[in-house]
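For reference, the structure discussed in these notes is given below.
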Amino acid sequence: MRYISTRGNAPALDFEQVVLTGLASDGGLYVPETISQFSHEDFVAMAGLPYTEIAFRVMKPFVGEAIDDDAFRQIIHDTYATFSHDAVVPLKQLSHNHHLLELFHGPTLAFKDVALQLLGRLLDHFLARSGEKGVIMGATSGDTGSAAIEGCRACEQLDIFILHPHERVSAVQRRQMTTVDAPNVHNIAIRGDFDDAQAMVKASFADQEFLEGTRLIAVNSINWARIMAQIVYYVASAVALGAPHREVAFTVPSANFGNLFAGYMAYRMGLPINQFVIATNANDILHRTISANDFSRRALQATLAPSMDIVVSSNFERLLFEAYGRDHAAVADLLDRFAHGRAAIDDAPLASLRRLFASDSVDDETILEVIREAHTHTGELLDPHTATGYRAANRQRIDATTPMITLATAHPAKFEDAIVRAGFTGAPLPENMADLMGRAEHFDVLDADLAEVQAYVAAHRH
Ligand SMILES: *Cc1c(COP(=O)(O)O)cnc(C)c1O
């Protein structure tokens, strides 16, 4: 399988290269050159199979011959052995024809584990094969750094450096990162804010001389392997609820749109999906675009669902590329207008999106209401991200006879503040994490000084 850039001016890559590369050199995002088709019989044959076997079948066309089958099966097995639920991503019925797909049984209790546990192992496999070492650098405002760290802790070819703003992340978030005791995991607390940390990571990618030839790797949500890993649970859950014999619908709490784009890929591969509902918090660019054709930036708002606090939705470009019939020039032009202010999507692509996608935006006050309401009606304690999905699903679903699957993207214990503000006494951590607050922490504190940070990275890698 070859991968091409949405903007049309970067070299085509094979699977190994696309996993090791982030953004395309023309500023676009990589997508598969052709979308593999699964037949009715292919889906029928998946009924009842273990998650790992469905994962192998769904991802195999994207990987092609880049990894031999036995090695790939082993990687998938090791990846999902880190999940605490036997079904990996269990479905739970909430009400008539409304189901929750729990994606939070991985090591950091959020859906990003599904993809990052795989990505770390894929990178390790490729680097070991070529005898190379790699360095991962990332910045986090608190809630997503731990998934990258957990995904790499077992990797022999990789060192990971995650920068977080010193004393500005919650104790649970910090501890999920700093209690990982592995020689290749390096936590740096920056005396500054998240923007300072992110600026230093960006500057390091722009000029990598300080690493003297070691490869610097990004694991952010535009990495194709992350999308690929996420396609699997759309297929597995749809098949569990009767696909391909009947259609299903999905609601997805969304920010950078990586999760939902994976669902769209499943649809394009042949999975019978009759609706996607995009749920956003008050940072509603996706909702404004779909509902009002207002594709424009607005100031960032800090919300109760912080993992969805974004201004620009990076993976949305991949969907626009498909909506525009893979017209590179039209997409480049649209994104250029967006960069300079407000852009409008043309009538035909917008109409095609609206046939499949609905959207809703859920503010903080409503999130608290929904957490209470869902608990009353279903007995489930939803995390604030999942709460946006629950609300959007109930308001936007077009057809009550089609099973609606709402993606639960985080465990409520991870966002206990919101749970308490909704009026509950708290949300206990799962048993295997109950001692988190007592574990030893490992991190160093550095000034927001690029030279100092780069010297630290260069000196501490293996
Ligand atoms: C990252 C994240 C999201 C948003 O996912 P995207 O792929 O960026 O749309 C939603 N909920 C939680 C808990 C997350 O961590």
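Read-outs throughout are calculated quantities, based only on the coordinates presented, and are distinct from any laboratory measurement. Since the structure is predicted, the reported quantities are computational estimates derived from the model, not experimental observations. Reconstructed Cβ throughout: ideal geometry from the backbone, glycine too, with neighbour counts over all protein chains shown.
Please work out how much length the chain gains when fully extended from A329 to D435, using 0.36 nm per residue of separation minus the C-alpha to C-alpha distance, in nm with one decimal.
Stretched fully, the A329-D435 segment lengthens by 32.8 nm.
To one decimal place, what Kirkwood hydrodynamic radius in Å is obtained for the chain from all pairs of distinct Cα atoms? Walk me through the numbers on the way to the answer.
On the way: mean 1/r = 0.0445 Å⁻¹.
One decimal place: 22.5 Å for the Kirkwood radius.
Would you work out the charge dipole size for the chain about its Cα centre, treating the Cβ of every Lys and Arg as +1 and the Cβ of every Asp and Glu as -1, and quote it to the nearest 20 debye? Don't skip to the end; give the middle numbers.
Numbers: 37 positive and 58 negative charges, 181 e Å.
Dipole of the chain, to the nearest 20 debye: 860 debye.
Once you place label points 7 Å from the Cα toward the Cβ at H96 and H442, how far apart are they in nm?
About 5.4 nm separates the two model spin labels.
Hey, what do the phi angles of the range 68-84 turn into as Karplus ³J(HN,Hα) couplings, whole Hz, using 6.51/-1.76/1.60 and θ = phi - 60°, x for Gly and Pro?
6, 4, 5, 5, 5, 4, 5, 4, 5, 4, 5, 4, 8, 5, 7, 8, 8
Report the gain in length on full extension from A400 to L356: 0.36 nm times residue separation, minus Cα-Cα distance, nm rounded to one decimal. Walk me through the numbers before you get to the answer.
Numbers: separation 44, 0.36 × 44 = 15.84 nm, distance 1.59 nm.
That works out to 14.2 nm of additional length.
Given H placed 1.01 Å from N in the peptide plane, which residues other than close sequence neighbours of A358 have an amide H under 5 Å from its amide H?
Sorted by chain and number, the residues that satisfy this are F276, V277, I278.
Among V312, N293, M228, pick out the residue whose Cα is farthest towards the positive end of the charge dipole of the range 216-357, where Lys and Arg carry +1 and Asp and Glu carry -1 on C-beta, about the Cα centre.
With unit charges placed on the Cβ atoms, the residue in question is M228.
Within the chain, what percent of beta bridges assigned by DSSP are antiparallel, to the nearest 5?
Working: 11 of 49 bridges.
Given both bridge residues lie in the chain, the antiparallel proportion sits at roughly 20 percent.
Take D195 and Q17, extend 7 Å from each Cα along the Cα→Cβ direction, and tell me the distance between the two endpoints in nm.
Going by the 7 Å Cα→Cβ label model, 3.7 nm.
Along the range 104-115, what does the Karplus equation 6.51 cos²θ - 1.76 cosθ + 1.60 (θ = phi - 60°) give for ³J(HN,Hα), rounded to whole Hz, x for Gly and Pro?
10, 9, x, x, 10, 6, 9, 5, 4, 4, 4, 8
Amide H to amide H under 5 Å from H99: which residues, 5+ apart in sequence or cross-chain, H placed 1.01 Å off N in plane?
Amide H to amide H, under 5 Å and 5 or more residues apart or across chains, H99 pairs with L94, M404, I405, T406.
Across the chain, how many lysine pairs separated by 8 or more positions, or lying on different chains, have Cα atoms within less than 22 Å?
Details: K60/K112; K92/K112; K92/K414; K112/K202; K112/K414; K133/K202.
For the chain, the number of qualifying lysine pairs is 6.
Taking N as the number of residues in the range 60-140, what value does Rg over Cα atoms divided by 2.2 N^0.38 Å take?
Details: Rg = 15.7 Å, N = 81, 2.2 N^0.38 = 11.7 Å.
Taking the Cα Rg and dividing by 2.2 N^0.38 Å, one obtains 1.35.
Using the per-residue mean of other Cβ atoms lying within 10 Å as a proxy for protection, in what order, highest first, do the peptides 63-75, 179-191, 261-273 fall? Write out the running numbers ahead of the final one.
Working: 63-75: 14.7, 179-191: 18.8, 261-273: 21.5.
Ranking, from highest mean packing down: 261-273, 179-191, 63-75.
Calculate, in nm to one decimal, what A154 and H85 gain on full extension: separation in residues at 0.36 nm each, minus their alpha carbon distance. Don't skip to the answer; put the middle values down first.
Numbers: separation 69, 0.36 × 69 = 24.84 nm, distance 2.01 nm.
That works out to 22.8 nm of additional length.
Read phi for every residue in the range 13-24 and hand back ³J(HN,Hα) as whole Hz from Karplus 6.51 cos²θ - 1.76 cosθ + 1.60, θ = phi - 60°, with x for Gly and Pro.
10, 8, 4, 4, 5, 6, 5, 7, 10, x, 5, 5
How many nm separate the modelled label positions at E452 and A299, each set 7 Å beyond the Cα in the direction of the Cβ?
Between E452 and A299, the simple spin-label model gives 3.1 nm.
Exposure proxy check: F43, F316, F415 ranked by fewest other beta carbons within 10 Å? Numbers along the way, then the final one.
Numbers: F43 21, F316 24, F415 29.
Listing F43, F316, F415 from fewest to most nearby Cβ atoms yields F43, F316, F415.
Taking R0 as 35 Å, what FRET efficiency do you get between R168 and R372 from their Cβ-Cβ distance, rounded to the nearest 0.05? Before the final figure, lay out the partial values.
Values: r = 29 Å, r/R0 = 0.83.
The calculated FRET efficiency here is 0.75.
Order the peptides 421-430, 95-104 from the highest to the lowest mean number of other Cβ atoms within 10 Å of their residues. All intermediate terms of the calculation are to be shown ahead of the outcome.
On the way: 421-430: 14.4, 95-104: 20.4.
Ranked from most to least packed, the peptides come out as 95-104, 421-430.
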